[in-house]
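J.: Structure provided below as structure tokens; questions to follow.
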Amino acid sequence: MCSRPPPSLAPERKMKKFNIRKVLDGLTAVSSPSPSPQLGAKENELIPETLQSEHFQLCKTVRHGFPYQPSSMAFDPVQKILAIGTQSGALRLFGRPGVECYCQHESGAAVIQLQFLINEGALVSALADDSIHMWNLRQKRPAVLHSLKFNKERITFCHLPFQSKWLYIGSERGNIHIVNVESFTLSGYTIMWNKAIELSSKAHPGPVVHISDNPMDEGKLIIGFESGIVVLWDLKSKRADSRYTYDEAIHSVAWHHEGKQFICSHSDGTLTIWNIKSPARPIQTITPHGKQPKDGKKPEPCKPILKVEYKTTRAGDPFMIFSGGLSYDTVGRRPCLTVMHGKSTAVLEMDYPIVDFLTLCETPYANDFQEPYAVVVLLEKDLVVIDLAQNGYPIFENPYPMMIHESPVTSCEYLADCPVDLIPALYSVGSRQKRQGYSKKEWPISGGNWGLGTQSYPEIIITGHADGSVKFWDASAIMLQVLYKLKTAKVFEKARCKEEKPSTEIVDEDPFAIQLLSWCPESRMLCVAGVSAHVIIYRFSKQEITTEVVQLLEVRLQYELNDLESPDGGGDQTPAPPTPITSPSPQTTAPQSHPSTSSNSSDGMRDNIPCLKVRSSPLKQSPGYQVELVVQLVWVSGEPPQQISSLAINSCYGLVVFGNSNGLAVVDYLQKTVLLNLGTVELYGSNDPYQRQLRSPRKSRQPSGGLCDINEGSATSEDRCKSPTSDNRDISFSRSRSSSVTSIDKESREAITSFFFCETYTRKADGGLTPSLWVGTSLGTVLAISLNMPPAGEQRLLQPVIVSPCGTLIRLKGSILRMAFLDSTGSLLPSAFEPWYEPNAPANGEERDKVRKRRPVSVSPSTSQELNENQYAVVCSEKQAKVIALPSQTCVFKHNITETSFVLRADVVQINAGICVACFCANGHIMTLSLPGLRPLLDVNYLPLTDMRIARTFCFSNLGQALYLTSPTEIQRITYSQEVCENLQEMLGELFTPVETPEAPNRGFFKGLFGGGAQSLDREELFGETGAGKAPRSLAQHVPGPGGIEGMKGAASGIVGDLARARIALDERGQKLGEVEERTAAMMASADSFSKHAHEMMLKCKDKKWYQF
């Protein structure tokens, strides 16, 4: 037993107070703390720090994933760009794979409709707050050029004809207003509802649900009112030509391209086809999914057909495509899209409700044969594109990273600058997992160009999910592509209940949910901890194997000293405390083989039983990650195992360590044994500084309070083996942890919150570096465990690893989050690792001959190998950071990060030529501190913590990269590096590319001679100020957007950019002149009206006698 008294805290109390709290709202005063007076001469030499505050800047880079809660969609058929709007006012634009863009409307109101100015590089959005906005897409970061806010009318529908600058806006009152999209001003031309319907209906016709112009005559406008009335309006004569009335509410209207017929979809599941010359009744009424009664009665009503599209082809029958309309008796049937083509009707079932769909056609002209080739279907949680040209309507393989949320994300890790061979290795095993049966054609949304990023380092994101799956993503150069998916649930017996559709909200029935990931990129060893208190260790192999028996260890982790089965003091014993469940032999018959106290009786306590049952049948393992070992915590005397709160793997030592609120266990995965199984109290040995009350395990079960234990408050025994999160508990985020170092709340347990494997000094008297494991707890204590490793090679598998706790090293306020080590020059010391080798190589193969040697910890060439060579330990807790000199264990730098909040995530990262501590606080601040001096370099109030998802997924990586889940379906990447911010413009893709607009269809000789071709209309004459006058000012107000000169900074360089900038500058100047002109005109108009009124009064009064007044 080598437990030692904790180092004296006296030197720390004598240290000078550092004056580094001068942080003013995101501006940091860089004031270096003075070194402690107790330092030795050698340690007192200042290490030069390369990082300064000018190296840091915070900005969002790119957002990946499916747009959360989508509400609308539009497509530019010439540019081939897709836009999706959401209920929170977000705008996502998609071009070819890798070209993505995210924008946000300031108001956050839902996007109800989107309209592209086709091939113009602009987009109009209509919002639920009755505002419309013009977005400029000719710059890498689109910006709003103009906005118009309606005050008296609610917007329900918009229509912008191709190559027109006049936007029709329908309102809830049934009126139609017209907006000039160039100047974003209202025309004086208005179509009032009462004029449109006149005496054809006694009641109000309801909101406008559709507006479109006749494909062959721009002067004729179809207006669909919700109540079932359709009006054909003549724009020139300002009156209705025809009115078409049906007794069912209308949801949508679509034209035949020849402009002689249109089709309406109704709320009773019917489609009515009308001839524009016969307003009396529809020429055809069909109920596609209704049962046809034999006695000639009307078919029974069906669910509403929410949208219909009617598309023609030159060679064959037209396509009629609609959503909804299913019979009411199809209970439990999934949402459907129906494609009617000739005599065939295909009903395509979708996984989620349909939000909207669009038919992609070869031509942008409404008066030509449409030639549809695909249908884009926007679902609540997916985007599906159907190939109309192939038999059976196969779907296209979606190249965007839209299935991040296939199962809810429960944990996340980010590795920038990882080994270069990793991505090809993961891709090669992942490419075999691809589904078959997709369309053979190219993805049809193919617009835009990739950025010319100079950033070339490989980046990997790993996501753990509620269903136990782990996904590896290639995140290099601000793109995202799935590489490989691992299903950890395969290791366990399947549940007897029916497999249901995966839910995208985290529910309590997720026994396999991934809570923690620990990965060694160099050796490719992977370790995951799940919510059912299980740990699985995986090796990477390129060969398929069948594992006859999954190797299993069961561990009994307890908190109370009097219940522990390990020898008193818990010192050097090897290989493990003699518990009956740590047998190295594979366990095949599961719990029955273990001692169990009447686990069959209804009131009996469960004991020695894990939460999940490991499968007993052989497991076929494909190339990729293959199970090496499963470790499970078991029930103890009726108490379920506590969730695992910390996890680490080290490939060099062949060890995995995990901890929870009871204690920790060290497992040798090479020899398949438990080396150490200690309660937290035992780590201190006889020098425990806290006055703890021993208690029965079932009196109180307080979760660890660490971030991995998401269920706040006390949980029932059933809950302990359930999901780590649930959305209804996401908001409660307060933690009652004692921040005092000298007293402990009687109800709380000291949880193990972090680990670090390193070669360092574990005692003050150490003459050299020894392998060790550093352990951080929720009460701010850092303890060390010394590791005595056998020689590498054959002996490593035969001789035991000896582990011995060494007692307390350091104390900090708050839970320990992160530990790292620096050499004497201030360079980061990486953990030792073993290079990857093929584990399933043949016995006589070259791979087996390679001696697997431990990689020595890299030492800077400038340092000498003297015995008194020092190191620095960097420790960061929820409240403060400290830098400790080793082996003397004196605190050389200390910084209180936050007084009122607490740090959620801290990482020691490499950026530019230096290293720093990056922290994300619960109050939304992102901070960086220099190393080793802990000077504040960046402090930005970035994002107030709104839910647990952000806390659970936020992570920093090297080279200024960071990410978090901004919604259940989207990853937001940010950078805190000034260099990346500067280069971001180059890295982003271009949405707009110069493309020639296709030629308009030829009218043909006879059509031109006898009429009947497309009729054009001078809209300027009708809607312009001279023809229609000005609209009342109170109706809507114009708001100039921020996308002026600022937005143009991102425009392409060279002549195009210069021209664009000049054009915008002229626009802005014109706008300002226009505003001045408007104000002058308004003053003149008011003066004019005043004089007119005065004149009228004078005329009225001139001939009147006094008694006539």
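The values are calculated or read from the model by the stated rules, or taken from the named source; none is laboratory data. Please read these numbers as outputs of a predicted model, since none were measured by experiment. Ideal geometry is used to build each Cβ from the backbone, glycine not excepted, and the neighbour counts take in all protein chains shown. What goes into the accessible areas is simple: the full protein's heavy atoms, side chains included, and nothing from ligands, DNA or RNA. Shrake-Rupley method; radii C 1.70, N 1.55, O 1.52, S 1.80 Å.
J.: Assuming R0 = 41 Å, what is the FRET efficiency of Thr993 and Lys343, from their Cβ-Cβ distance, to the nearest 0.05?
T.: 0.50
J.: Of the heavy-atom accessible surface of region 115-205 (probe 1.4 angstrom), what whole percent is carbon and sulfur?
T.: After summing per-atom areas, the C and S share lands at 50 percent.
J.: For a bin width of 10 Å, list the pair-distance distribution of region 748-825 built from all Cα-Cα distances, rounded to whole %.
T.: Computed distribution, short to long bins: 18, 42, 29, 10, 1.
J.: Could you work out the local net charge near Ser107, counting Lys and Arg as +1, Asp and Glu as -1, over the other residues with Cβ closer than 14 Å to its Cβ?
T.: Summing Lys/Arg as +1 and Asp/Glu as -1 gives -2.
J.: Over 28 Å apart: what share of the alpha carbon pairs of region 315-446 falls there, rounded to a whole percent?
T.: Above the 28 Å cut-off, region 315-446 has 32 percent of its Cα pairs.
J.: Another question, then. Can you give the FRET efficiency for Ser237 and Asp317, using 1/(1 + (r/R0)^6), R0 = 41 Å, r = Cβ-Cβ distance, to the nearest 0.05?
T.: Calculated transfer efficiency: 0.65.
J.: Further, regarding this structure: Taking H placed 1.01 Å from N in the peptide plane, check which residues at least 5 places from Gln621 or on another chain put their amide H under 5 Å from its amide H.
T.: Ile545, Thr546, Thr547
J.: Quick one: which of Lys381/Lys490; Lys277/Lys343; Lys307/Lys490; Lys60/Lys80; Lys80/Lys490 span more than 31 angstrom between C-alpha atoms?
T.: Checking Cα-Cα distances, Lys307/Lys490; Lys80/Lys490 exceed 31 Å.
J.: Kindly state, to the nearest 0.05, the FRET efficiency for Leu452 paired with Ala1000, given R0 = 30 Å and r defined as their beta-carbon distance.
T.: So, using R0 = 30 Å, E works out to roughly 0.25.
J.: Ok, one more. Assuming a viscosity of 0.692 mPa s and a temperature of 37 °C, what translational diffusion coefficient in µm² per second does Stokes-Einstein assign to region 215-314, Rh being the Kirkwood radius over Cα pairs?
T.: It diffuses with D of about 231 µm²/s by this estimate.
J.: Please state, to two decimals, what the Cα-based radius of gyration of region 396-496 comes to when divided by 2.2 N^0.38 Å (N = residues).
T.: 1.21
J.: Hey, what do the phi angles of region 977-986 turn into as Karplus ³J(HN,Hα) couplings, whole Hz, using 6.51/-1.76/1.60 and θ = phi - 60°, x for Gly and Pro?
T.: 9, 5, 5, 5, 4, 5, 8, 4, 4, 5
J.: Considering amide H positions built from the backbone, and no H for Pro or chain starts, which residues 5 or more places from Gly663, or on another chain, come under 5 Å of its amide H?
T.: Sorted by chain and number, the residues that satisfy this are Thr680, Ile752.
J.: Excluding ligands, DNA and RNA, what is the solvent-accessible area per residue of region 97-164 at a probe of 1.4 Å, expressed in Å²?
T.: The answer is 34 Å² per residue.
J.: I would also like to ask the following. At a probe size of 1.4 Å, how large is the accessible area of Trp774, to the nearest 10 Å²?
T.: Only protein atoms counted, so the area is about 0 Å².
J.: Please give the net charge around Ala83, taking every other residue with its beta carbon less than 10 angstrom from that of Ala83, where Lys and Arg add +1 and Asp and Glu add -1.
T.: 0
J.: Please report Rg (one decimal) and Dmax (integer) in Å for the Cα set of region 112-256.
T.: 15.3, 52
J.: Run the quick spin-label model on Lys487 and Arg334: label points 7 Å from Cα toward the beta carbon, then report their separation in nm to one decimal.
T.: Spacing of the two 7 Å Cα→Cβ label points: 1.6 nm.
J.: While we're on this one: What are the ³J(HN,Hα) couplings of region 433-442, residue after residue, when phi is run through the Karplus curve with 6.51, -1.76, 1.60 and θ = phi - 60°? Round to Hz, x for glycine and proline.
T.: 8, 5, 6, 9, x, 7, 4, 7, 7, 5
J.: Right, another one. Compute the normalised compactness of region 905-976: alpha-carbon radius of gyration over 2.2 N^0.38 Å, N being the residue count.
T.: Dividing the Cα Rg of region 905-976 by 2.2 N^0.38 Å gives 1.08.
J.: Which value, in Å³ per residue, describes the convex hull spanned by the Cα atoms of region 89-137?
T.: 72
J.: Normalised by the empirical 2.2 N^0.38 Å for globular proteins, what value does the Cα Rg of region 163-229 take?
T.: In units of the globular-protein estimate, region 163-229 measures up at 1.15.
J.: Let me ask something additional. Between Ile47 and Glu838, what length comes free when the chain is fully extended (0.36 nm per residue of separation minus the Cα-Cα distance, one decimal in nm)?
T.: Length gained, Ile47 through Glu838: 280.6 nm.
J.: Here is a further query. For region 879-884, what does the Karplus curve 6.51 cos²θ - 1.76 cosθ + 1.60, with θ = phi - 60°, yield as ³J(HN,Hα) per residue in whole Hz, taken in order and with x for Gly and Pro?
T.: Each residue of region 879-884 in turn: 10, 8, 10, 9, 10, 10 Hz.
J.: Now for a separate question. With a cut-off of 13 Å, note down the residues of region 333-363 whose backbone N falls inside the zone around a label point 7 Å from the Cα of Arg435 toward its beta carbon.
T.: Taking a point 7 Å out along Cα→Cβ of Arg435, the residues of region 333-363 whose backbone N falls under 13 Å are 349-352.
J.: Amide H of Ser957: which non-local residues (sequence gap of 5 or more, or other chain) have their own amide H closer than 5 Å, using H built in the peptide plane?
T.: Ala962
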